[in-house]
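Bear in mind these aren't lab numbers, they're just calculated from the coordinates by the rules spelled out. This structure is a prediction, so every number in the text was calculated from the model and none was measured. Cβ sites come from the backbone with ideal geometry, for glycine too, and all protein chains shown count toward neighbours.
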């Protein structure tokens, strides 16, 4: 899986799964663009990329803001000339509470980041890739988008990402662009760590409900992403690949103590 000379854009590249994906692409020869609302975090990852001898462009952007996203992709095109890969990874989660108890502002923000952000970035990158007649997109969905879990904003947003992936993949299948998704299970990221610390999730309950009884690491998701973006997957488009340690096979609510 050689990505020498390829330009890879990773949203939410400043931590967690996005960080793991960005570093893995750099290890395989790619140059990176990190889009993140947290500029300092993205710059820290950017330094690790340059330490690997690869180029990196860091842009602070809120993926919910379509005009800001369009401006960021204009800058990428001006600076780099092309985009070979887009990884739509930016995402947030929510507390596992009843629909009547979830703050509507939280619902809106989760849906905006986790679904609208994917739309905004795919739209902007797609305009560039269609002119190139080449490109690859991987959307980071979730096992929560496939099975029922008590997350009334996050899970439907991720389900929408999965359906969106299929629609865009079919529309661009004959235009040199492949679009796929990954459905991670429980990945040990700062997002999950903070949810455990906040009492939104329980570590031991999670481990008990994961059939392999291990947390997935960001690097495991990164390996799957690299495969879907590589020539080895040249006839794969429109699929959602679970990387979940068996979670989808067992159902989801038990992981939330319910």
- Message: With Kirkwood's inverse mean 1/r over C-alpha pairs for Rh, give me the Rg to Rh ratio of the range 165-227, two decimals please.
- Response: 1.15
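Please arrange 167, 59 by how many other C-beta atoms lie within 10 Å of their C-beta, fewest to most. Working shown, then result.
Details: 167 11, 59 20.
Lowest to highest Cβ neighbour count: 167, 59.
If you count the DSSP beta bridges with both ends in the chain, what percent of them are antiparallel, to the nearest 5?
Details: 0 of 28 bridges.
Of those bridges, close to 0 percent are antiparallel.
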- Note on the structure: Assertion target for 253, 200, ordered by fewest C-beta neighbours within 10 angstrom first, is 253, 200
- Message: I'd like the FRET efficiency for residue 75 and residue 232, computed as 1/(1 + (r/R0)^6) with the beta carbon distance as r and R0 of 51 Å, rounded to 0.05.
- Response: 0.95
- Item | Length-normalised contact order for the chain - Cα pairs under 8 Å, 6+ apart - percent | 20
- What residue among 97, 247, 186 shows peak mean-square fluctuation when the chain is described by a Gaussian network model with Cα springs under 10 Å? 97
- Message: Expected output is a single nm value to one decimal: the length gained when fully extending between residue 127 and residue 100, i.e. 0.36 nm times separation in residues minus the C-alpha distance. What is it?
- Response: 5.7 nm
- For each of 154, 256, count neighbouring Cβ atoms within 10 Å of the residue's Cβ, then give the residues from fewest to most. 256, 154
- Message: Please report the spacing between the Cα centers of the range 1-54 and the range 168-198 in Å, no decimals.
- Response: 16
- Rounded, prolate or oblate (a/c below 1.5 giving rounded, otherwise prolate when a/b exceeds b/c) for the range 115-210 by Cα gyration tensor: prolate
